[in-house]
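The values are calculated or read from the model by the stated rules, or taken from the named source; none is laboratory data. Just so it is clear, the structure is predicted and the values come from calculations on it, not from any experiment. Methodologically, a virtual Cβ is constructed for each residue, glycine included, from the backbone with ideal geometry; neighbour enumeration extends over all protein chains shown. The area values use the complete protein model at the heavy-atom level, side chains included, leaving out ligands, DNA and RNA. Shrake-Rupley method; radii C 1.70, N 1.55, O 1.52, S 1.80 Å.
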Amino acid sequence: MTKKLLSGNEAIALGAYEADCSAATGYPGTPSTEILENISKHYADKIYCEWSPNEKVAFEAAVGASTTGARAIVTMKHVGLNVAADPLMTLSYTGVAGGFIAVVADDPGMNSSQNEQDTRLFAHFAKVPVLEPSDSQEAKDFVKVGFEISEQFGTPVILRATTMVSHSRCVVEPGTLMALNRPHSFQRDPQRLVPIPAYARQMRVRLDERIERLQKAASVSSLNRIEWNESGDRGVGIVTSSSAYQYVKEVFPEANVLKLGWCYPFPDELMLAFADAVEQVVVVEELDNFVEHHMKALGIATIGKKIGDEKLVPNYGALDVDVLKKARKQLSENPATAKYFTAPTETPKAERPELPTLPNRPPVLCPGCPHRGLFYALKKFDVVVAGDIGCYSLAVAPPLNCMDTVLCMGGGFTVAHGIDCAKNDRPVVGVLGDSTFFHSGMTGLSDIVYNKGKSTLIVLDNRITAMTGHQENPGTGKTIMGEATYEAKIEDIAKALGMKNVVTISPNQLDHTTATLKTAIESDEPWLVVVKEPCPLAFRKKPDHRVRVNQEKCKKCGACLKFGCPAIELKGDKTVTVNETLCAACDVCMQICKFGAFESCDINSAKGGLA
């Protein structure tokens, strides 16, 4: 077996393959996206793989596969579990036949998310076990163990990753391939699979009995282990899990550590035994004080998020070595714990030359992004813009400044409708993307038609799921495997749902875009405007010309800078130029300038003369 350098997501994909998983479903969302991409790329000969329209659909499809006895895995980010919560709560009652794992990737620090959530709380809520790998090797191994736990106890299992675990790399030793060699056949059992009240009441009793068995199993599982220090000093013991374990081992190398890989149901017996063996217990966990609260409920004197009235380990943001060094310093200075901790020792840093301070680089829409033209036109109207989750969320920032709310996927339509229903004094526009339309926009559109709303609805159809890295969706005409399939038409769906006023435009034609928006916004009826233009990063097309600035015509008025294209650059003397390396030749800047300073140039001209 050749060892491999793998990210956590790559390792989870490998784990599914080694565990003889039969079906993998999901919806793209950072930091979980690469799991399904790697399964489809490397293991599709053995594992059926699909991008589903949303996480609920993906979860339910995986449940269906599990009912036949097949092993199934579903992937999503933490906010995706909100969408899939409905089937999760009932699946914990009905249980599973084939092993079922929901991989949920949390995003501490909100690197690419609208909120922070701690999925461990969902596991507690749903009464299902949760496993927490701390590196790529464990990520792979825990998938295989998770399937075994799932089948042994007939329960769904959540594997909680984090951004650090999903995207960091370490050496992974591949294991042996399992071959279950069992038929996949649905077995009719209504009393187990149909939770009508008469059956569900008995399921609820069995669920509590299962949790008790799981708790006992967690206390003796090798996924949870005590690492005693070599000196025999039992002064302090730290309870930790996930990537926080790595930081604890670096900052507190002398500590005794209870590492939790199977953190719920809580391994009570192991926790109590560990606490009895040390003088002071400290819990270091990322996000909520999930473990700390439970250990205190067991009667264990525990230091966690606070020491006395002082904050110690933050309950928001991602942990790292520097955060824990500050915590160690506090522990070394507090009279109650000073005897257990010395101040952290700082390693002298090697001298290196002073580097210039770089300016901040906030995220921006890419050069040639079709969203920019739409928002540039929309900004001309006095409207409330209800936005959504996608690249287009960046329209909130200067210079576009054209987004007023963002709630969740699909909220662009439904929030707009709610504002309209409240008899807002300004017209309301709801905006979302093509993938989001298929995810959860159709129900909002149906609601507006059914309840006689009059919002202007916009679907930014750039022909791909762009923000998460260019994944296919029902509107692209391709599956995750690149196979041709039915291409769902947003316009046809809208008409089928009862929307009478449906129009398709290109945002690169500013005058037409502006005129269409004016008609829609001033109408007493709802409109759906499909803004269709491919994402330039997903569909890389070599420009057939260049755009340059004729300095003799440029008045240095700055109007073009309000468009916010990264390819339009401003020199120190207010000279505007076009960075030809960045320019996608969308030509929208030529429509903005009233003085005709932006001109098309022959791409093959050595001197770049005007065409």
(message) Checking PRO353 against (1) loosely packed, with under 14 Cβ neighbours inside 10 Å; (2) touching an Asp or Glu at 6+ places or on another chain (Cβ under 9 Å), only one condition comes out false. Which one?
(response) (2)
(message) Condition first: touching a residue at least 60 places away in the same chain (Cβ under 8 Å) and not in a helix (DSSP H, G or I). Now tell me which residues in the stretch 408-452 satisfy that.
(response) CYS408, MET409, PRO427, VAL429
(message) Restricting to the stretch 519-570, name every residue that is assigned to a helix (DSSP H, G or I) and in contact with a Ser or Thr (Cβ under 9 Å, 6 or more places away or on another chain).
(response) ALA520, ILE521
(message) Condition first: surrounded by fewer than 17 Cβ atoms within 10 Å (Cβ to Cβ) and of a type in the set (Val, Ile, Thr). Now tell me which residues in the stretch 581-591 satisfy that.
(response) THR581
(request) Return the pairs, sorted by first residue and then second, in which the second residue is basic (Lys, Arg), the first residue lies in the stretch 307-320 and is outside any loop (DSSP other than H, G, I, E, B), the beta carbons are less than 7 Å apart, and the residues are 6+ apart or on different chains. (result) LYS311/LYS305
(message) Take VAL578 and tell me if it is open to solvent by less than 50 Å² (accessible area, probe 1.4 Å), touching a residue at least 40 places away in the same chain (Cβ under 8 Å), over 30 Å from ARG426 (Cβ atoms) and β-branched (Val, Ile, Thr).
(response) no
(message) Restricting to the stretch 174-192, count the residues that are among the charged types (D, E, K, R), closer than 17 Å to GLU151 by Cβ and open to solvent by 80 Å² or more (accessible area, probe 1.4 Å).
(response) 1
(request) Could you please find all residues in the stretch 343-397 being charged (D, E, K, R) and within 16 Å of PHE563 (Cα to Cα)? (result) ARG372, LYS379, LYS380
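Here is a yes/no grid of residues against (1) open to solvent by less than 30 Å² (accessible area, probe 1.4 Å); (2) outside any helix (DSSP H, G or I); (3) not charged (D, E, K, R):
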{"residue": "VAL281", "(1), (2), (3)": "yes, yes, yes"}
{"residue": "VAL291", "(1), (2), (3)": "yes, no, yes"}
{"residue": "THR342", "(1), (2), (3)": "no, yes, yes"}
{"residue": "VAL364", "(1), (2), (3)": "no, yes, yes"}
(message) Suppose we filter PRO156, PRO133, PRO129, PRO195 for residues that are modelled with pLDDT under 95 and open to solvent by less than 60 Å² (accessible area, probe 1.4 Å); which single one remains?
(response) PRO195
(message) Quick test of your reading of the structure: LYS541 fulfils all but one of (1) buried (at least 18 other Cβ atoms within 10 Å of the Cβ); (2) modelled with pLDDT under 95. Name the failing condition by number.
(response) (1)
(message) So TYR316 passes all but one of these: (1) in contact with a Cys (Cβ under 6 Å, 6 or more places away or on another chain); (2) farther than 30 Å from ASN462 by Cα. Which condition number does it fail?
(response) (1)
